[in-house]
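Accompanying notes for the structure given below.
What follows is calculated from the coordinates using simple rules that are stated; it is not laboratory data. What you see is a predicted model, and the numbers here were worked out from it, not measured in a lab. A quick note on method: Cβ atoms are made from the backbone with ideal geometry, for glycine too, and the neighbour counts reach across all protein chains shown.
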Amino acid sequence: MSRDSRIQLLAAALMAVLFAVGGVLSVAVSTSIGRNRLAYTDRAEEGQPVEVNLGIAMGAFRGLFVNWLWIRANELKEEGKYFEAIELARAITKLQPRFPKVWQFHAWNLAYNISVATQTREERWEWVQAGIRLLRSEGVPANPNDLQIHRELAWIYLHKVQGWMDDANVFYKKRHAEEWTYVMGPPPPRLAGSEGRVRESVIEQYARWLARIAEAPTPAQLRADDPLVDELATRLVPGAVDALGMPLLERYEQTRAARRSARRESMERMFGPRSRAFAALLDDPRFADAWERLIPAVRRAVLEGEYNMEPRRMIRYTRKYGPIDWRHPAAHGLYWSARGVEQALTRVTERNRKDFDFLNTDRIVLQSAQELYRTGEIYFDVMEFYITDRQGGFYLAVPNEWFFPTYGDLLSDVVERSIIPGTTVKAEGLQRAYTLIGAGYENFVKDAIRFFYRRGQRDVAEKYKLDLIRFAGQNINDPHRNAELARPLDEWIQEELKDRFTSPSVAVSEVTGALLGAFSTGLLGGDNELFSRQITYAADAHAFFMREQRRQGVVDATAARMDQMPADFGLMAGGVFAQFITGLSLDDARLLYSRAPDSLRVYAYDPLKAQVGQQFEEGQRVVDKPFDTLFPPPPGLEQHRVRLRALLEEAQRGRGTIEAR
């Protein structure tokens, strides 16, 4: 036998062996894919994209085909052909759902590239929501322990929705607040008196609020166990709402908001047949207890089924981070980034630790907590937003002091996990000359010092300034740092503001802090001079920011990109005053109301009556005098309501009736 023949025989034998081994391995790999659900589909079906069917047909060569799809999708993205790129990305998610990069690519195109190419704020919001839903409802379930997908979802909430770079960001915030008012209901009212000044008490109040949802049975279980709930549900669907899900929660919160409003009669005249049927069931005393059981059960079902969120985890994060208001986009940035870190930690070993980018995900946790401090207390009129066809609606986000300790509490854990991706080197060790986490924390504390100072809590501001001087993780690259911090507080504050005042978060903090100081230390404390000084400062600061930063965008005619507070100072001051006074004890509220000018009282009268006025009904009085004696209607109240009534009439002409959408 010739040498060439021997080589051919040997090659043929080797090929046969490799085919046999490949066949065995192919069966094993296919079995693993099916057992671990590494592919959504393993057979062609009618209606699927042609690329999916081709990939399935290619069997073992599916990976090569997907690589080509990925290259082509990236080329289309670079060419600006986003819709075509999305179709290919969707095909890749079907063929290889465990590939995190394609989920990120797809969601980024939806939330960023395509959204800004549209012409209206409503269109932009729908594309941003599409990116969020893709990751939350498909990407995370397919990859429950993947850090990248969680981080991308958290970033969209924190940067795209809560940030202010997009011209339509004010609209995003209102739409998000509206959506989560329906899902969760309004957050608990402020605790009155000394209890409301204790962080742990407020956190526990929020945890109890969530516990009612977390402990609720499924709607099906509830209906099976409770005939009255079953009767209520039967009468609700389809007579009053389309389904026992978001349609029910929307109508429930809209009706309750209308009932609390000073314009209740006008709103109820706008009710259509289904809204009136719903209101009748809500008023029926036979169903009072059934409503109390049904709504938490539906909230839990919506959270778990539509939003892929876990109520018990939400409770745990509330106790860990603070009293989270889920109407705030950064609350969801915090939830998904923290969840991603926790889930990924279950997969970490000493050998693979460098493969996990905890550093950048933990930064989103920190930034979300920081944002919840800066703007975490939200005042939002959901009914006004709805009835004006989402053209109006009061929205104000101000600092929430309960999240100030959160940032510091997280530092040690973040530093411990701050491994540079691909290495075993810590990026944020507190002994380094300069770290981003150290710089971020110092800027955060400086903002808080200014807020407490402006609010009149000088002793608190001095304490935190001293803590900043002693901060163990301080960056030592700035030789002037300690000398600057050693300046007297008033002088240091003025120097700090020179370069920072045009930042939206700083401006909101300064204006809000000054207003709260005017109301608490000024009016409530009986210092009229301080009240006037603080109000003047707030008005000047507000005017400066609006003059320097307010520029009308191209997609939202109702708000500018930098409108992180109302453009009208009277509305800003009145909104903060109304929320501040409704959180006081009855005696303090009476005192503050009596000392306030009428220009502020017109904003407080209706919220006060809605919140505490029912206590003055016959048989429920907490004092012997009627509400209007303790809180007399201020002059100009009706004129104050004119604008809101005009908006209501305009909405009524445009739609005719209020019905669930």
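Structural remarks
- Summarising the amide proton neighbourhood of residue 356: residues at separation of 5 or more, or on other chains, whose placed amide H is nearer than 5 Å comprise 422.
- Lysines whose Cα lies under 16 Å from that of residue 625, excluding same-chain neighbours fewer than 8 positions away: 609
- Listed values for region 234-249 are Karplus-derived 3J(HN,Hα) couplings in whole Hz (6.51 cos²θ - 1.76 cosθ + 1.60, θ = phi - 60°), namely 5, 7, 6, 10, x, x, 10, 9, 7, 7, 7, x, 4, x, 5, 5, and x replaces Gly and Pro.
- Each Lys and Arg Cβ is given +1 and each Asp and Glu Cβ -1; about its Cα centre, region 570-614 then shows a dipole of about 40 debye.
- J(HN,Hα) series, region 171-180, from Karplus relation 6.51 cos²θ - 1.76 cosθ + 1.60, nearest Hz, glycine and proline x: 5, 4, 5, 5, 5, 5, 5, 4, 4, 7
- Distances between placed amide hydrogens fall under 5 Å for residue 377 paired with 398, 400, all partners being 5 or more residues away or on another chain.
- Cα lying deepest toward the dipole's positive end in region 188-309, options 221, 205, 254, charges on Cβ: 254
- Residues whose amide H lies under 5 Å from that of residue 167, counting only those 5 or more places away or on a different chain, are absent; hydrogens are built 1.01 Å from N in the peptide plane.
- Peptides 202-213, 6-17 ranked from most to least packed, by the mean per-residue count of other Cβ atoms within 10 Å: 202-213, 6-17.
- Global geometry of region 188-309, whether rounded, prolate or oblate, following the gyration tensor of its Cα atoms and the 1.5 cut on a/c: oblate
- Given 77/354; 463/498; 101/160; 81/160; 173/463; 320/446, the pairs whose alpha carbons are separated by over 25 Å: 77/354; 173/463
- When you count the other C-beta atoms within 10 angstrom of each residue and take the mean per peptide, 408-416, 167-175, 242-250 line up highest first as 167-175, 242-250, 408-416.
- The charge dipole of region 72-112, taken about its Cα centre with unit charges on the Cβ of Lys, Arg, Asp and Glu (plus for the first two, minus for the last two), comes to roughly 240 debye.
- Given their separation in residues at 0.36 nm each and the Cα-Cα distance between them, residue 585 and residue 472 gain 36.7 nm when the chain is fully extended.
- In this rough spin-label picture, where each label sits 7 Å from Cα along the Cβ direction, the residue 74-residue 434 distance is 3.2 nm.
- Dipole of region 438-582, positive direction: furthest Cα of 575, 489, 518, with charges on the beta-carbon: 575
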